[in-house]
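**Q** Got a structure here, written out as structure tokens. Questions coming.
Throughout, read-outs are computed from the coordinates displayed, never taken from laboratory work. For clarity, every value in this text was computed on a predicted model and none was experimentally measured. Cβ placement follows ideal geometry from the backbone for every residue including glycine, while neighbour counts extend to all protein chains displayed.
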Amino acid sequence: MSSRFVVFLIPIVVIAIFWVMAKSEKKLAHDPTHKSFFERNGTVLGVSFILLVAFWTLFLVVLPYLYMVVESFHPKLPFNQRGGEKDVLTLEQYKSFFVTPTDGSWNVNHMGAFVFTIITSVAVTALNFAICYPLAYYMAQAGTAQKVRLIMLALIVPYWVNEILRAFSLRLLLASKGLINQALMGMGLTEKPLDFMAMDVGLYVGLSYAYLLVMIFPLYNAIESLDKNQIEAARDLGAPWWKIHRDVVIPYAKPGIASGCTMVFMLAAGSLAAPQFLGGPSTLWFTSIVYDFFFQAFNWPRGAAYAFILLAACIAFVMLMLRLFKVSLGETIK
Amino acid sequence: MSAGVELDHVTVRFGQFTAVEDATLDIKGGEFFSFLGPSGCGKTTILRTVSGFLDPSQGRVRIGGQDMTGIGPNKRPTALIFQNLALFPLMTVADNITYGLRVRGMPKAERMKRAGELLDLIALPDQGNKLVSELSGGQKQRVAIARALAVQPKVLLLDEPLSALDLKLRQHMRTELRAIQQQVGITFIYITHDQGEALTMSDRIAVMSDGVIQQVSDGKNVYDHPDTPFVASFVGENNPFAGKVTQADSSFAVVETAHGALRGRNPKGLKAGDKAILFVRPESFVLGEGAPDATIHAETISSAFEGNATHVFLKGATKKEITVTVGRHGGAKIPSQGERAAIHYAPEMGIVLPEGKMARE
């Protein structure tokens, strides 16, 4: 049985699972007056719900990923050889991340890009948090309603501008003959223009800016529900401002912080546009490599394998962080 | 350990709105002092000004003789108990209680020892490791008190801390608060809209209305010798009879009301022709005829038996009915509905005050 064939068995399994769930709902409910799924919705509507949800889960969520997983365990073959005797399950695509297939040496280039991507994403997340926390705190606790509305507007309106335009405008600012270098030289602070692009300043600024809202709203939501009296109580008991944040605000907002950081980290590590436009000439972002495998080399199996390596690493990293900071996964999506 | 609190012509404004107007007060060290008034009267504003969360627009606050201008709430020798208690939900009971000591850098071992002592004081021994959410309402109350006392404040400020409790517990906590105050001996400033709380616990009470302190005195005086119609009508039940003074001397005045000429004490020295309100408390009325200028005839609307007493409601000249409280011991016959009844009072139990704003019903 071909491994790709498994993919077509799954729809039936998924529909069956939903069916069993709908059927057993009444039994699992402790409330005896609880109406079952079909009693509530009628048979026709109930069946169409199950089919629609199954379609959604399958065709938009499970199948595409599953196809990619399967793909990543196959060798790259011309179309006419697919399903032939050379089309076997293999780990060679995953292996190629560590060892270059052509000469058997360590694949320093790709592993280096991978580590760089992860570390940069962590740094971007930290930078983003440092920028967003004070702002979110101000919006949630300190600011008047009118000022908060103004800040919200100032935060959201720039996102109406498309990503490419935003990235290139940043490039213009940071270019060697750009506004910032001109200003620095004009004030006599530097003699030669600073190469911000090579220093990856553009990358950090661009990525932080791109995901500002993703960080600020979970933080704002979390801090906003904190009872003001808690802050005042801590202050009244003698705590200076930074201890109030350390002991009262941050522990309370921890789920929001975890949620914001997780999303920013995941999005930054998987971003494509900002690193391509704002990275320095020698900067190699991991998703660019994945992109090239898919669209330049037409090596889908290897691209898929690389993408899953990134996904697995990011999930593992996030889980580790959540464990370290004692936040449950459920809390972050509240 | 205790310190007095002086308000020196304190005025607090929020934009156009004046929340507290020219409050001058001298609260003595070790006193249990209450601010009593309806919501929005400015009592919480005073508390926040004393604790340092608000700066007076004019005037000064002095604690222990020291001017507090420019000193933040974290540097003042006061501790505040919030209306909703504001305990830290993510900390244990012991961590809550010792938070003020922790931010002062006290070592953990010493802190935990202190937590033990305070838990004993509030009668919750060995509950230090529990989370706040595992405690009952009354226990949370006591933890909030312990947390405030832990920093050894000279003045404890309490913002209606009992309002969330049910009646029985509230009455019990009154006694307990008073006992704790006497034990630790520091100044308590208590904010409440509940006159029962103010009367039972306080050494002295300031009655407030619309940002103005109406009267400062002990509970008995506030009840028996109100200074203004507001105090007379806000503290305890009272029956007002408005009218014009027809004759007056230094001790008594007669007011011509819708129920005829009625006599009462004249502490404010009103003169004939002044507009005035005579107040007679429900328990000061007695059923039956009395002196002609201290007797009212009115139709009975209803009566309510309340165990230890019966309230009789008579039709007044205005919309508000006249309430008469009849104790059980007299064995008096309660007039039935529709019956015309006579009630009287001893003239010294009536008090004539100059016309002024009354408490809203």
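**Q** Suppose every Lys and Arg Cβ carries +1 and every Asp and Glu Cβ carries -1, with no other charges. What dipole size does chain A come out with about its Cα centre, to the nearest 20 debye?
**A** The dipole magnitude comes to about 440 debye.
**Q** In addition: What is the helix-to-structure angle for B:137-150, meaning the angle in degrees between its Cα long axis and the longest Cα principal axis of chain B, kept from 0 to 90 and rounded to the nearest 10?
**A** The angle comes out near 60 degrees.
**Q** Among all lysine pairs in region A:11-97 that are eight or more places apart or on different chains, how many have alpha carbons less than 29 angstrom apart?
**A** Going through region A:11-97 pair by pair, I get 6.
**Q** Using only Cα atoms, locate the centre of region B:62-90 and the centre of region B:165-189, then give the distance between them in Å, rounded to an integer.
**A** The two parts, judged by their Cα centres, are 19 Å apart.
**Q** For region A:1-72, with only Lys/Arg (+1) and Asp/Glu (-1) charged at the beta-carbon, what is the dipole magnitude about the Cα centre, in debye rounded to 20?
**A** My answer is approximately 160 debye.
**Q** Out of the DSSP beta bridges found with both residues in chain B, what percent are antiparallel (nearest 5)?
**A** Taking every DSSP beta bridge within chain B, about 75 percent pair in antiparallel fashion.
**Q** Which parts of region A:234-270 would a label at residue B:152 reach, counting a residue when its backbone N lies under 20 Å from a point 7 Å out along Cα-to-Cβ?
**A** What the label zone holds, given the 20 Å backbone N cut-off, is A:236-240.
**Q** Picking from B:305, A:267, A:139, whose Cα lies most toward the positive end of the charge dipole for the protein assembly as shown (charges on Cβ: Lys, Arg +1; Asp, Glu -1)?
**A** Result: A:267, furthest along the dipole toward the positive end.
**Q** Looking at the protein assembly as shown, what % of its DSSP beta bridges pair antiparallel, to the nearest 5?
**A** 75 percent
**Q** So what's the convex hull volume per residue for the Cα atoms of region B:229-354, in Å³?
**A** Hull volume over Cα atoms, normalised by residue count, gives 99 Å³.
**Q** Pairing the Cα long axis of helix B:167-184 with the longest principal axis of chain B, what angle in degrees results, from 0 to 90 and rounded to the nearest 10?
**A** 60 degrees
**Q** With N denoting the number of residues in chain B, provide Rg(C-alpha) divided by 2.2 N^0.38 Å, to two decimal places.
**A** Normalised Rg, Cα atoms only: 1.17.
**Q** Note down the nm distance, to one decimal, between modelled labels 7 Å out along Cα→Cβ at residue A:326 and at residue B:182.
**A** 4.2 nm
**Q** Related question: What net charge do the residues around residue A:213 carry, taking every other residue with its C-beta under 14 Å from that of residue A:213, with Lys and Arg at +1 and Asp and Glu at -1?
**A** 0
**Q** Can I ask one more? Residue farthest toward the positive end of the dipole of chain B, with Cβ of Lys/Arg at +1 and Asp/Glu at -1: which of B:152, B:96, B:247?
**A** B:96
**Q** Using the beta-carbon distance between residue B:108 and residue B:67 and R0 = 35 Å, what value does 1/(1 + (r/R0)^6) give for FRET efficiency, to the nearest 0.05?
**A** The computed FRET efficiency comes out at 0.45.
**Q** Specify which residue in the list A:99, A:151, A:41 is farthest towards the positive end of the charge dipole of chain A, using unit charges on the beta carbon of Lys, Arg (+1) and Asp, Glu (-1), about the Cα centre.
**A** The residue sitting most towards the positive pole is A:41.
**Q** Just to confirm the filter: which trypsin sites (Lys or Arg not before Pro) across region B:27-123 are DSSP coil and have at most 16 other Cβ within 10 angstrom of their Cβ?
**A** When the trypsin sites (Lys or Arg not before Pro) of region B:27-123 are filtered for loop state and at most 16 Cβ neighbours within 10 Å, B:28, B:104 remain.
**Q** Which net charge results when you count Lys and Arg as +1 and Asp and Glu as -1 among the other residues whose beta-carbon is under 13 Å from that of residue A:101?
**A** Here the charged neighbours net out to +1.
**Q** Related question: Round to a whole angstrom and tell me the spacing of the C-alpha centers of region A:38-84 and region B:21-45.
**A** The distance from the Cα centre of region A:38-84 to that of region B:21-45 comes to 70 Å.
**Q** Let's test the formula: R0 of 56 Å, r as the Cβ-Cβ distance of residue A:152 and residue A:16. What FRET efficiency results, to the nearest 0.05?
**A** Given R0 = 56 Å and the Cβ-Cβ separation, E is 0.75.
**Q** Also, I was wondering about something else. Using Cα centres only, tell me the gap between region B:249-273 and region A:258-277 in whole Å.
**A** Computed from Cα coordinates, the inter-centre distance equals 82 Å.
**Q** Using amide H atoms built in the peptide plane, which far-off residues or other-chain residues are under 5 Å from residue B:19 H to H?
**A** Answer set, sorted by chain and number: B:12, B:13, B:14.
**Q** May I pose another question? Simple spin-label model, 7 Å along Cα-to-Cβ: residue A:228 to residue A:242 in nm?
**A** 2.7 nm
**Q** Which residues among region B:260-286 fall inside the zone where the amide N is under 14 Å from a point 7 Å beyond the Cα of residue B:251, along Cα→Cβ?
**A** What the label zone holds, given the 14 Å backbone N cut-off, is B:264-267.
**Q** Now for a separate question. Taking a 28 Å limit on the Cα-Cα distance, which of the listed pairs B:244/B:320; A:228/B:130; A:254/B:140; B:43/B:130 fall beyond it?
**A** Going by Cα-Cα distance, B:43/B:130 fall outside the 28 Å limit.
**Q** Another question, then. Mind giving me the FRET efficiency for residue B:83 and residue B:171? R0 is 22 Å, r the Cβ-Cβ distance, nearest 0.05 is fine.
**A** 0.75
**Q** Same structure, new question: Can you tell me the equivalent ellipsoid semi-axes for chain A? Use √(5λ) from the Cα gyration tensor, largest first, whole Å.
**A** They are 40, 36, 18 Å, listed from largest to smallest.
**Q** So, one more: Taking a cut-off of 18 Å between Cα atoms, list the lysines near residue B:319, but don't count ones fewer than 8 places away on the same chain.
**A** Correct list for residue B:319: B:357.
**Q** In which sequence would B:250, B:202 go, from the one with the fewest C-beta neighbours within 10 Å to the one with the most?
**A** B:250, B:202
**Q** To the nearest 20 Debye, how big is the dipole of region B:5-224 about its Cα centre, given +1 on the beta carbon of each Lys and Arg and -1 on that of each Asp and Glu?
**A** I would put it at about 760 debye.
**Q** Along region A:139-145, what does the Karplus equation 6.51 cos²θ - 1.76 cosθ + 1.60 (θ = phi - 60°) give for ³J(HN,Hα), rounded to whole Hz, x for Gly and Pro?
**A** So the Karplus estimates, Gly and Pro as x, are 5, 7, 10, 9, x, 7, 4 Hz.
**Q** Relative contact order of chain A: what whole-number percent is it, with Cα pairs under 8 angstrom and at least 6 residues apart?
**A** 21 percent
**Q** Using 0.36 nm per residue of separation minus the Cα-Cα distance, give me the extension gain between residue B:261 and residue B:131 in nm, one decimal.
**A** Value of the extension gain: 40.4 nm.
**Q** Hey, what do the phi angles of region A:216-228 turn into as Karplus ³J(HN,Hα) couplings, whole Hz, using 6.51/-1.76/1.60 and θ = phi - 60°, x for Gly and Pro?
**A** 3J(HN,Hα) across region A:216-228, in whole Hz: 6, 6, x, 5, 4, 4, 5, 6, 4, 7, 6, 5, 4.
**Q** Under 1.5 on a/c is rounded, so check that first for region A:63-117, then, if it is not, pick prolate when a/b is larger than b/c and oblate when it is not; a ≥ b ≥ c are the square roots of the alpha carbon gyration tensor eigenvalues.
**A** Oblate shape, in that a/c is at least 1.5 and b/c is the bigger or equal ratio.
**Q** Neighbour counts of other C-beta atoms within 10 Å: give me A:211, A:67 arranged from fewest to most.
**A** A:67, A:211
**Q** Express the Stokes-Einstein translational diffusion coefficient of the protein assembly as shown in µm² s⁻¹, to the nearest whole number, given a Kirkwood radius over alpha-carbon pairs, 25 °C and a viscosity of 0.890 mPa s.
**A** Once the numbers are plugged in, D ends up at 75 µm²/s.
**Q** Which of A:19, A:160 has the fewest other C-beta atoms within 10 Å, and how do the rest follow up to the most?
**A** A:160, A:19
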